[in-house]
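Each remark here refers to the structure printed beneath this line.
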Amino acid sequence: MKSTILFITFLIVPLVGISQNSDELILKIRTEFQRINSSNQLETVELFNEEFMEYRADGGGQLTGYFDNNNLVKITEWVGPTYGSIITESYFKDNQLFFVYQKENKFKDILDSSGEWIGLDASKEETKFEGRYYFYNKILIKKITKGKRMFAQVFEQTKFLEHVNSTAELLRKKRKEKNK
């Protein structure tokens, strides 16, 4: 019995330490996220539609980079598919991605008097999905999601990191051209 309790203790104690370490990291991430969003000194660089998108969405798209001195600290990507909008905000510290916030909105359905769907009201959006992704050293350490995506998309860390890196390079290049 003593050996079983000792064995369980050796299993649980390291897991508690990892959890506490993860919680501390997330608090630091939230603090940095708030610092970036509260700054009004950031330089912005914008790209539109084909400047960053392979295929143009019906509602178009916009990619905005936020620079603190020479460092890219935030990217906001807005894409307007037929049914609404997808907004992805990516946050960086020392050129390392540390947090991503995604939001998927759908235009409000228009129904006739019998409840039959007849179209979409593009003036009103409702949030269908929110995702918060916390990273440390290029590794996803926590994911919090609420709601359901319009289409069965899965967050694939490798593909997402590749996409973020390529959009970051586009924004850095555009900024360099702008500041010549």
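Assorted remarks:
- Label-point separation in nm, Lys124 to Ser39, each point 7 Å along Cα→Cβ: 3.9 nm
- Mean Cα-pair separation over length for the chain, i.e. relative contact order, pairs under 8 Å, 6 or more apart, %: 14 percent
- The angle between the Cα long axis of helix 2-38 and the longest principal axis of the Cα atoms of the chain comes to about 30 degrees, rounded to the nearest 10.
- For the stretch 128-174, applying the loop criterion from DSSP together with a ceiling of 16 other beta carbons within 10 Å to the trypsin sites (Lys or Arg not before Pro) yields Lys138, Lys148, Arg149.
- Cα gyration tensor, the stretch 90-180 - rounded (a/c under 1.5), prolate or oblate: oblate
- Hits among aspartates and glutamates - C-alpha to C-alpha of Lys159 under 17 Å, sequence gap 8 or more where chains match: Glu54, Glu77, Glu89, Glu169
- Of all accessible heavy-atom area on the chain, the percent that carbon and sulfur account for (1.4 Å): 53 percent
- Relative contact order of the stretch 120-169: 27 percent, from C-alpha pairs under 8 Å at least 6 residues apart in sequence.
- For the chain, the solvent-accessible area with a 1.4 angstrom probe is 67 square angstrom per residue.
- Note on P(r) over Cα pairs in 10 Å bins from 0, in percent: of the candidates (i) 9, 28, 24, 14, 11, 8, 5, 1, 0; (ii) 8, 28, 30, 20, 10, 3, 0; (iii) 8, 29, 30, 17, 10, 5, 2, 0, the value calculated from this structure sits at (iii).
- Taking the C-alpha atoms only, the angle from helix 157-178 to the longest principal axis of the chain is near 60 degrees.
- A crude spin-label estimate for the pair Ser22 and Thr64, with each label 7 Å from Cα along the Cβ direction, gives 3.3 nm.
The values are calculated or read from the model by the stated rules, or taken from the named source; none is laboratory data. Keep in mind it's a predicted model, so treat the numbers as computed, not measured. Glycine also receives a Cβ, built like all others from the backbone with ideal geometry; neighbour counts cover every protein chain displayed. These accessible areas exclude ligands, DNA and RNA; they are computed on the full protein's heavy atoms, side chains included. Shrake-Rupley method; radii C 1.70, N 1.55, O 1.52, S 1.80 Å.
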